[in-house]
Amino acid sequence: MEVAWNPEFLRESFAVEDTLHPDRLVLGFDTAHSWAETLLRQAFGKIIEAGTPTIVTDWATAELAKGAANSFLAAKISFVNAMAEVCEKSGANVVELAAILGHDIHIGRHGMRPGVGFGGGCLPKDIHGFIARADELDASEAVGILREVDAVNGRRRQRVIDLAREALGVDLRGKRITVWGAAFKPETDDIRDSPALAVAQRLHDLGATVTVTDPKALDNARKRFPELDYAEDHIAAVEDADLLIHLTEWPQFAQVDPRRLATIAHSPKVIDARSALDIDQWRDAGWTVRTLGRL
């Protein structure tokens, strides 16, 4: 019997597409040209024939591949969010800075959207798992950068809380806050380590009345956070709100007419924590807009 290692690189909500049309195929074996390699090449025959880059390697390398890939993506996300912290101090615009960096062919634009940070069931788990594996191998110093990546990601959530208190006052008791988003990212109902719900829960703990709305994830959110309020309609959810916080970048949120919302909100104040709203349009509609990493 032989054991092979074939790590998956599936994105949530795109698992079927990524299975049939992966951007790379990694096959790990203990010996070269093994019986297991022959079987896996047959199993992935159509994918290989389509020209998919195929890397044949050893077990140890194949085992690290998924964790390293997601750790690198997490590092990229946290890097642009670290730049958001610098931009807030300097008065620079992190969205424009990210666009400049993204045009560099050595960097690319994927993962360069500044915001409240990453969550879900993959990146946090894989970065923590990669750090733990490095610790087991007595290579803790080598992954110090990943510990800081994790720290930057956590600070993004706290920064949203800070902006809410700047907008409404330090004492949030009795304030009505609407949160757009419950899923950790759009096109899924997955709320595992959701930045949106982490922020919503913290605001609730500080005394605010928090209403959460999301196209797909409300049932899961209700089960996990029954103390929060929920609304099916993302427009009606803004009625009488003292503050709106945009925390999951569903396209339908960005398509809302801010002038219409301004007529039903108690106070037209919004925090765009995903850099996905047209802030000039919102400001023209009378909203006070705060973002992460730009004025």
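The values are calculated or read from the model by the stated rules, or taken from the named source; none is laboratory data. Just so it is clear, the structure is predicted and the values come from calculations on it, not from any experiment. Methodologically, a virtual Cβ is constructed for each residue, glycine included, from the backbone with ideal geometry; neighbour enumeration extends over all protein chains shown. What goes into the accessible areas is simple: the full protein's heavy atoms, side chains included, and nothing from ligands, DNA or RNA. Shrake-Rupley method; radii C 1.70, N 1.55, O 1.52, S 1.80 Å.
For the range 59-166, what % of the accessible area comes from carbon and sulfur atoms, probe 1.4 Å?
Answer for the range 59-166 is 61 percent, counting heavy atoms of protein chains only.
For the ranges 178-186, 140-148, what's the packing order if you count other beta-carbon atoms within 10 Å of each residue, average per peptide, and put the highest first?
For the peptides 178-186, 140-148, the packing ranking is 178-186, 140-148.
Between Ile235 and Ala254, what length comes free when the chain is fully extended (0.36 nm per residue of separation minus the Cα-Cα distance, one decimal in nm)?
Length gained, Ile235 through Ala254: 5.7 nm.
So, in Å, what gap is there between the alpha-carbon centers of the range 87-117 and the range 16-68?
Using only Cα atoms to place each centre, the spacing works out to 33 Å.
Going down the table (Lys89/Lys175; Lys125/Lys185; Lys76/Lys125), which pairs top 20 Å between alpha carbons?
Lys89/Lys175
Which value, in Å³ per residue, describes the convex hull spanned by the Cα atoms of the range 204-266?
83 Å³
Can you tell me the accessible area per residue over the chain, all protein chains present, probe 1.4 angstrom, in square angstrom?
Counting only protein heavy atoms, the per-residue value for the chain is 51 Å².
Taking 7 Å along the Cα-to-C-beta vector as the label spot, tell me the Ser34-Asp284 distance in nanometres, rounded to one decimal.
6.2 nm
How tilted is helix 59-90 with respect to the longest principal axis of the chain? Cα atoms for both, answer in degrees (0 to 90, nearest 10).
That works out to roughly 30 degrees.
At a threshold of 8 angstrom on Cα-Cα distance, excluding pairs fewer than six apart, so keeping six or more, what relative contact order does the chain reach in percent?
With pairs under 8 Å counted, the relative contact order is 16 percent.
Could you tell me what percent of the accessible area of the range 256-295 is made up of carbon and sulfur, with a 1.4 Å probe and every protein chain present?
The C+S portion of the solvent-accessible surface of the range 256-295 is 44 percent.
In nm, give the distance between the simple-model label positions of Ile47 and Glu63, each being 7 Å from the Cα along the Cα-to-Cβ direction.
2.1 nm
Which three lengths, in whole Å and largest first, does the chain cover when its Cα atoms are put on their principal axes?
Sorted from largest, the Cα extents of the chain read 68, 38, 35 Å.
With axes computed from alpha carbons, what is the tilt in degrees of helix 144-168 against the longest principal axis of the chain, rounded to the nearest 10 within 0 to 90?
Once rounded, the angle reads 20 degrees.
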